[in-house]
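Asker: Submitted below is the structure of interest, expressed as structure tokens.
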Amino acid sequence: MLHSQIDRVTERILARSLPVRTAYEAKINAAAQKGPARGHLGCSGQAHAYAGAGQDQATLAEGRAPNIGIVSAYNDMLSAHAPYAAYPDLIKKVARQEGATAQVAGGVPAMCDGVTQGEVGMELSLFSRDVIAMAAAIALSHNTYDAALYLGVCDKIVPGLVIAAATFGHIPAVFLPAGPMVSGLPNDEKAAIRKKFATGDIDRKALMAAEMAAYHGPGTCTFYGTANSNQMLMEFMGLHLPGSSFVNPHTPLRDALTAEGVRRALSMAPGKNFTPAGQVLDAKAFVNGIVGLMATGGSTNLVLHLPAMARAAGVILTLEDFADLSAAVPLMARVYPNGLADVNHFHAAGGLGYMIGHLLEAGLMHEDVTTIAGSMSNYAAEAKLDGERVKWEPAPRDSQNDRILRTPADPFQPTGGLAKLDGNIGQGVIKVSAVDKARHIIEAPARVFHDQDSVKAAFKAGEFTSDTIVVVRFQGPQANGMPELHGLTPVLSVLQDRGLNVALITDGRMSGASGKVPAAIHMSPEAAAGGPIAKIEDGDLIRLDATTGSLSVLSNGFDDRTPVTQDLTANEFGLGRELFSAFRRHVGPATQGASPLFKGDDT
């Protein structure tokens, strides 16, 4: 039987979403009935569409076989996306073998938060999600495709592609992963070296050597941040093939899974097994995705992305949904930064197939959903090679390493470790799956900053000598695009290691790698919108209680203060920020996904 809390939250989402979901379904059903327009294009239009197709021109002109549109986030600066260089040729080859065709419909941008950490470019990162969605829409706007293959992995790329897949929900969608890089320098050693650099105990040359040993080849970074949380999400939501998320690049199994993804897309094209993306992306699929996020201790960035992704499919999610599902779903995995293992170790210990099997058995997931592989029970499996093809075998029932994977009956924590925070500072979230229980409640004076560089400068000047709650504001989507503040992690970790009680409050982001320091993030309303976080003053006593979900300033007269303002004109130019002023003006709040595409239209 389905767990009562999972059932209750799902019914609440269904009821809340009914008007917009009904309108969404009517829209995609009407589009599906019209079908791809290439057969109705004029001769000139068709000639334009097929002119570059080489040996596939004749098949395309006949218009009888399915045509797949490939939307790729390939570039060779991102290690996670570099493997995609070879995908189009393989996809086209397999499509031809099946009597069909495939074309690269278009490319979408893909940036790396790891490269832009602490840099101006990070201020474009969150908005790149919405740019990716729009770029994918342009790619598919030619309306000549019977199905779409989406090639993307990292932080904003997958959410942007899902928004596009939902918008084009009248055609089938298959997401093809590229897999994680093989394991390099252990993540705990890397973190220790970063802290030594922050304290000046090692020089930049030693830091660089460690970073190069950690990030050393093609594939996703091996820690469980947003990129790998995305891959988990696509499997839990039924958009990946079972067992495909964490297979390393450039291996025979990886290629076989890619080929099978092509066949699956063709099998779902209009015909007897027609399975448009809008059928897959329903409320139950999003609940399953949130369950996976909680059970694995995944990235807090998905708390921003999932509401935006869901809204594109006519489903409305709230912070209460995340908190209530987190309270019901136990933490079954320990993957860095929540443990020492990386995603390769996690996959070897049983991986997603193990987790899905046990979650279904415990009634913590919806089994009765539409996926690209049938029902969700088909995902309690692992992929194996059978010659050059893929076969699926039941996933292991026993964990191969109980320091990495456990059952829902014997979890690492009884809950998913994500809590909604409410109080006179606004609404936010906190992830405590890696935070020691002794630090779930922090009460300390505030120290207020308006950027992360000022925090680092105060640290280097030795100004943090007692318990402190660091407030970093004017970092929300309206202010500067809501950059990730992961660069503060080493500084705050050092202070915590020195025995201080420290925490962070911000209207910015901290990602899935926020680690062991309590961090109240995504505070909304943000400071630039006059939110109460802009009322906090140095010395204000603040209480953060992750056990009750409360976050408040305790100082007298706080509610009567006028929010401070900040000159944000420096955020308006440099490295392309000029082009995103419309996004900053029109972006919605973090609680609704911080998107300029869906601002305020879910009521």
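Asker: So how do Thr296, Thr562 line up by other beta-carbon neighbours within 10 Å, fewest first?
Answerer: Ascending Cβ contact count within 10 Å gives the list Thr562, Thr296.
Asker: To the nearest 20 debye, what charge dipole does the chain have about its Cα centre, counting +1 at the Cβ of each Lys and Arg and -1 at the Cβ of each Asp and Glu?
Answerer: 800
Asker: Please provide three numbers in whole Å: the alpha-carbon extents of the chain along the principal axes, with the largest listed first.
Answerer: So the three principal-axis extents are 74, 53, 50 Å.
Asker: Further, regarding this structure: Give the long-range amide H neighbours of Gly423: residues separated by 5 or more places, or on another chain, with amide H under 5 Å away, using H modelled in the peptide plane at 1.01 Å from N.
Answerer: Residues meeting the amide H criterion: Leu551.
Asker: Under a point-charge model restricted to the Cβ atoms of Lys and Arg (+1) and Asp and Glu (-1), what is the dipole moment magnitude of segment 128-267 relative to its Cα centre, in debye to the nearest 20?
Answerer: 200
Asker: What list of ³J(HN,Hα) couplings, whole Hz, do you get for segment 581-597 from phi and the Karplus terms 6.51, -1.76, 1.60, once you set θ to phi - 60° and write x for glycine and proline?
Answerer: These are the phi-based 3J(HN,Hα) values: 4, 5, 5, 5, 6, 10, 5, x, x, 4, 5, 10, x, 6, 10, x, 8 Hz.
Asker: For each of Met482, Met208, Met268, count neighbouring Cβ atoms within 10 Å of the residue's Cβ, then give the residues from fewest to most.
Answerer: Exposure proxy ranking, most exposed first: Met208, Met268, Met482.
Asker: Set Lys and Arg Cβ to +1 and Asp and Glu Cβ to -1, take the dipole of the chain about its Cα centre, and tell me which of Thr468, Leu331, Leu492 lies farthest positive.
Answerer: Leu331
Asker: Specify the inter-centroid distance of segment 76-125 and segment 403-449, based on alpha-carbon positions, in whole Å.
Answerer: Spelled out, the Cα-based centre of one part sits 35 Å from the other.
Asker: Along the positive direction of the dipole of the chain (beta-carbon charges: Lys, Arg +1; Asp, Glu -1; about the Cα centre), which of Ser555, Val247, Asn480 reaches farthest?
Answerer: Sorting the options by dipole projection puts first Val247.
Asker: Using only the Cα atoms of segment 1-95, build the gyration tensor, take square roots of its eigenvalues as a ≥ b ≥ c, and label the shape rounded, prolate or oblate: rounded if a/c is under 1.5, else prolate if a/b is larger than b/c, else oblate.
Answerer: oblate
Asker: For Leu90 and Ala137, what is the calculated FRET efficiency with R₀ set at 22 Å and r taken between the beta-carbons, to the nearest 0.05?
Answerer: It comes out at approximately 0.30.
Asker: Output the 0 to 90 degree angle, nearest 10, between the alpha-carbon long axis of helix 157-167 and the longest principal axis computed from the alpha carbons of the chain.
Answerer: Rounded to the nearest ten degrees, it is 50.
Asker: With charges set only on the Cβ (+1 for Lys and Arg, -1 for Asp and Glu), what does the dipole of segment 418-592 come to about its Cα centre, in debye to the nearest 20?
Answerer: Its charge dipole is roughly 440 debye.
Asker: Which angle from 0 to 90°, rounded to the nearest 10, does the C-alpha axis of helix 204-214 make with the longest principal axis of the chain?
Answerer: 40
Asker: Put +1 on the Cβ of each Lys and Arg and -1 on the Cβ of each Asp and Glu in the chain; which of Thr296, His216, Ser141 then has its Cα farthest toward the positive end of the dipole?
Answerer: About the Cα centre, the residue reaching furthest to the positive side is Ser141.
Asker: Moving to a separate point now. Which whole-number percentage describes the relative contact order of segment 185-323, with Cα contacts under 8 Å and a sequence gap of 6 or more?
Answerer: For segment 185-323, the relative contact order is 21 percent.
Asker: Moving to a separate point now. Counting trypsin sites (Lys or Arg not before Pro) as exposed when in a DSSP loop with at most 12 other beta carbons within 10 Å, what is the longest stretch of the chain free of them?
Answerer: Longest site-free region, per DSSP loop and neighbour criteria: 65-271.
Asker: Moving on to the next point. What is segment 480-524 by shape, rounded, prolate or oblate, if you read a ≥ b ≥ c off the alpha carbon gyration tensor as root eigenvalues and call it rounded for a/c under 1.5, prolate for a/b larger than b/c, and oblate otherwise?
Answerer: In terms of gyration-tensor shape, prolate.
Every read-out reported here was derived from the displayed coordinates using simple, explicitly stated rules and does not represent laboratory data. Everything numeric in this text was worked out from a predicted model, so none of it was measured. Methodologically, a virtual Cβ is constructed for each residue, glycine included, from the backbone with ideal geometry; neighbour enumeration extends over all protein chains shown.
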